[in-house]
Amino acid sequence: MNIVNKKAYSEYIISETLEVGIKLLGAEVKSIKGGRINLNGSFVKIVGSEIYLVNAGVPLYPYARVDGYDPNRTRKLLLHKKEIMFLKSKIERSGLTIVPLKCYTKGGFIKLEIGIGRGKKQYEKREELRKEAIQRDIDTAIRGKY
């Protein structure tokens, strides 16, 4: 199980990544291991000395009986205090943001890869699309000759 937030890579220039754990309910674990999590539009927020994943959609596991379940609830991320302070200083000092990139299983645990990045400007996005189109044309031309 490996779920990637493709929109994060197109919206941000990621400079560093970090692997963190997520505090989940039992039904959420089963749902995520089934490949059902939506990271689009989600972000990471630092409140005091704790860090949270906001607006990540984890639909209810079909066989679970959880009353009043909110699929977009705020979930706590599990990091060491030094890592949280490192992230907090990076964000405050240089105006960067933290975005979730991937969610995957590792040895029975569910991990989230977060990235520290800067939002792309509109002209940077257009330039990237232009480069991809040129590369696609080159690849097709090479395949057509051989």
Completion exercise
Just one listed residue, out of K120, K88, is closer than 17 Å to I51 by Cβ, of a type outside the set (D, E) and more than 14 Å from the chain's Cα centre (by Cα), and it is K88
Practice task
Could you please tell me which pairs satisfy a Cβ distance under 8 Å, a separation of 6+ or placement on different chains, a first residue in the stretch 13-25 that is without any contact (Cβ under 8 Å) to a residue 40 or more places away in the chain and within 16 Å of E50 (Cβ to Cβ), and a second residue that is buried (at least 16 other Cβ atoms within 10 Å of the Cβ) and aromatic (F, W, Y)?
Solution key: none
Handout entry: Single unsatisfied condition, L18 versus (1) at pLDDT 90 or above; (2) in a helix (DSSP H, G or I); (3) in contact with a strand residue (DSSP E or B) (Cβ under 9 Å, 6 or more places away or on another chain)
Key = (2)
Exercise for the section: Among the candidates S94, S31, single out the residue that is of a type in the set (G, A, S) and out of contact with any strand residue (DSSP E or B) (no Cβ under 9 Å at 6 or more places or on another chain). Expected result: S31
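Please enumerate the residues belonging to the stretch 26-54 that are touching a residue at least 60 places away in the same chain (Cβ under 8 Å) and touching a Leu at 6+ places or on another chain (Cβ under 9 Å). Give the steps one after another, and end with the answer.
Taking the stretch 26-54 and keeping what is touching a residue at least 60 places away in the same chain (Cβ under 8 Å), we get 29, 32-33, 37, 39, 44.
I32, L39, V44, listed by residue number.
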Handout entry: Flag for I22 being more than 11 Å from the chain's Cα centre (by Cα), surrounded by 13 or more Cβ atoms within 10 Å (Cβ to Cβ) and closer than 16 Å to K76 by Cα
Key = yes
Practice task
Determine whether I91 is in contact (Cβ under 8 Å) with a residue 60 or more places away in the chain, under 16 Å from G117 (Cβ atoms), out of contact with any Ser or Thr (no Cβ under 6 Å at 6 or more places or on another chain) and among the hydrophobic types (A, V, I, L, M, F, W, C).
Solution key: no
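The values are calculated or read from the model by the stated rules, or taken from the named source; none is laboratory data. Note that the coordinates shown come from a computational prediction; the quantities given were computed from them, not determined experimentally. FYI the Cβ positions are ideal-geometry reconstructions off the backbone, even for glycines, and counts take in every protein chain you see.
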